[in-house]
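Each remark here refers to the structure printed beneath this line.
The values are calculated or read from the model by the stated rules, or taken from the named source; none is laboratory data. None of these values were measured; they are calculated from a predicted model. All Cβ positions, glycine included, derive from the backbone under ideal geometry; neighbour counts span all protein chains shown. The area values use the complete protein model at the heavy-atom level, side chains included, leaving out ligands, DNA and RNA. Shrake-Rupley method; radii C 1.70, N 1.55, O 1.52, S 1.80 Å.
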Amino acid sequence: MKTILFNLNLDDFHPQTDKDGDFGGDLENGNFRYLIYLWKEFPDLKVTLFTTPNWMDAPYKFSHYFYHLKKILGLRPIIPYLKNEPFRLDKHLKWCEQVRKLIEDKKIEIAVHGYYHYNPNLVIHGQEFKRLGYEEAKERIKSAEKIFYKAQLPFVKIFRPPGWGISDGLIKALRELNYEAIAIYPSHSRTYKINNYDGLKTIPQNYSISEDPQIAVEQAKRFRIVLAKGHMCYNYGKETIVNGLNDKNYKNLRDALNLLKGNFNIKFIFLSEFLNYGED
């Protein structure tokens with residue numbers, strides 16, 4: 001049987017679990033339990049979690065349909081932010097201790113997903129770094145790193161910009177701070193090769209956990225690589241995150257893994273490991 005590479009990577013991991021949304025704050029009974037279920041069947045599964053160390057992006061209060069209309073029309077309604085920094089990682093040290101154990105057990109790795117995940121001046125208010133200049137982008141990233149250090153959470157130098165929002169200043173800051181790669185491609189891009197983006201390696205994506213599992217098999221047959229993309233949260237306020245973890249998407253992912261297991265030898269990898277495979 002041919003060998004394929006498989007990685008699962010999820011955005012927006014942080015300690016929040018409340019009436020507005022579940023981003024992994026309950027590591028036993030919340031959305032994180034889906035990963036626990038998968039590890040029982042696939043104990044070698046490696047998950048890259050893009051983590052925001054000081055999440056301040058408040059849930060959207062309007063309907064899901066108005067949210068998309070807002071994007072189409074370019075409307076910029078005032079979006080509140082979460083005050084008093086409730087989800088700073090260093091305010092949740094018990095949670096961080098549990099996460100650190102998962103890192104030590106090589107179940108997960110932590111990559112950087114912004115600082116606040118919030119920009120009140122944009123149509124898509126989660127695009128924290130879009131239009132930011134070099135100095136401000138650099139300070140945000142350094143502030144994010146300080147929280148990871150304070151919370152004693154090891155992280156890899158891979159950056160996924162919140163809301164896919166980038167700027168020349170962000171790219172320059174990432175290069176100067178010795179980041180190895182940037183993740184700028186959505187899963188529907190079907191990208192599987194590492195490219196160069198202004199001095200940074202790019203993280204490819206070619207499968208979404210909301211898609212038909214057969215697509216994962218097709219990608220494996222064509223490229224011997226399946227990089228599965230999703231989000232930790234499915235509903236945040238009135239916004240639906242289509243490829244967030246829920247019963248349906250968990251089943252898609254589980255079915256995809258079982259189909260792949262029946263057709264290939266699967267080598268589970270972290271995204272940080274894939275960067276080296278991509279050079280071979």
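Quick look at the values:
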{"read-out": "Checklist (1) modelled with pLDDT of 95 or more; (2) touching a helix residue (DSSP H, G or I) at 6+ places or on another chain (Cβ under 6 Å); (3) under 26 Å from I203 (Cβ atoms) applied to D90, failing item", "value": "(3)"}
{"read-out": "The stretch 1-53, residues that are among the β-branched types (V, I, T), in contact (Cβ under 8 Å) with a residue 40 or more places away in the chain and either in contact with an Asp or Glu (Cβ under 9 Å, 6 or more places away or on another chain) or part of a loop (DSSP other than H, G, I, E, B) (or both)", "value": "V47, T48, T51, T52"}
{"read-out": "Any pair with Cβ under 6 angstrom, 6 or more apart, that starts in the stretch 173-185 at a residue that is closer than 15 Å to H113 by Cβ and ends at one that is in a loop (DSSP other than H, G, I, E, B) and of a type in the set (K, R)", "value": "A183/R160"}
{"read-out": "Test: residue in the stretch 67-85 that is at pLDDT 90 or above, within 30 Å of L38 (Cβ to Cβ), open to solvent by 50 Å² or more (accessible area, probe 1.4 Å) and not hydrophobic (A, V, I, L, M, F, W, C)", "value": "no"}
{"read-out": "Cβ pairs under 8 Å, 6+ apart, first in the stretch 96-119 and over 26 Å from P80 (Cβ atoms), second open to solvent by less than 50 Å² (accessible area, probe 1.4 Å) and among the charged types (D, E, K, R)", "value": "C96/D90; I103/E109; K106/K46; K107/K46; I108/K46; E109/K46; A111/R160"}
{"read-out": "Filter result for the condition that a residue is open to solvent by less than 60 Å² (accessible area, probe 1.4 Å) and either in contact (Cβ under 8 Å) with a residue 40 or more places away in the chain or closer than 21 Å to T48 by Cα (or both), over G133, G165, G199", "value": "G165"}
{"read-out": "Residue match in the stretch 51-64 (condition: modelled with pLDDT under 95, β-branched (V, I, T), closer than 17 Å to P162 by Cβ and out of contact with any Ser or Thr (no Cβ under 7 Å at 6 or more places or on another chain))", "value": "no"}
{"read-out": "Residue check, K146 in contact (Cβ under 8 Å) with a residue 12 or more places away in the chain and either under 19 Å from Y134 (Cβ atoms) or more than 14 Å from the chain's Cα centre (by Cα) (or both)", "value": "no"}
{"read-out": "Verdict on E180 being touching a helix residue (DSSP H, G or I) at 6+ places or on another chain (Cβ under 7 Å), open to solvent by 50 Å² or more (accessible area, probe 1.4 Å) and at pLDDT 95 or above", "value": "yes"}
{"read-out": "The stretch 144-162 - residue that is assigned to a strand (DSSP E or B) and open to solvent by less than 30 Å² (accessible area, probe 1.4 Å) and, of those, farthest from A58 (Cα to Cα)", "value": "I158"}
{"read-out": "Residues located in the stretch 183-206, provided they are basic (K, R), at pLDDT below 95 and over 23 Å from K251 (Cα atoms)", "value": "K193"}
{"read-out": "Qualifying residue in the stretch 207-223 (condition: part of a loop (DSSP other than H, G, I, E, B), surrounded by 23 or more Cβ atoms within 10 Å (Cβ to Cβ) and either modelled with pLDDT under 95 or of a type in the set (V, I, T) (or both))", "value": "yes"}
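Rundown of residues vs (1) over 16 Å from L45 (Cα atoms); (2) among the basic types (K, R); (3) surrounded by fewer than 19 Cβ atoms within 10 Å (Cβ to Cβ); (4) modelled with pLDDT of 95 or more, yes/no style:
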| site | (1), (2), (3), (4) |
| --- | --- |
| I225 | no, no, no, yes |
| K229 | no, yes, no, yes |
| K238 | yes, yes, yes, no |
| N249 | yes, no, no, yes |
| N252 | no, no, no, yes |
| N258 | no, no, yes, yes |
| F274 | no, no, no, yes |
| E279 | yes, no, yes, no |
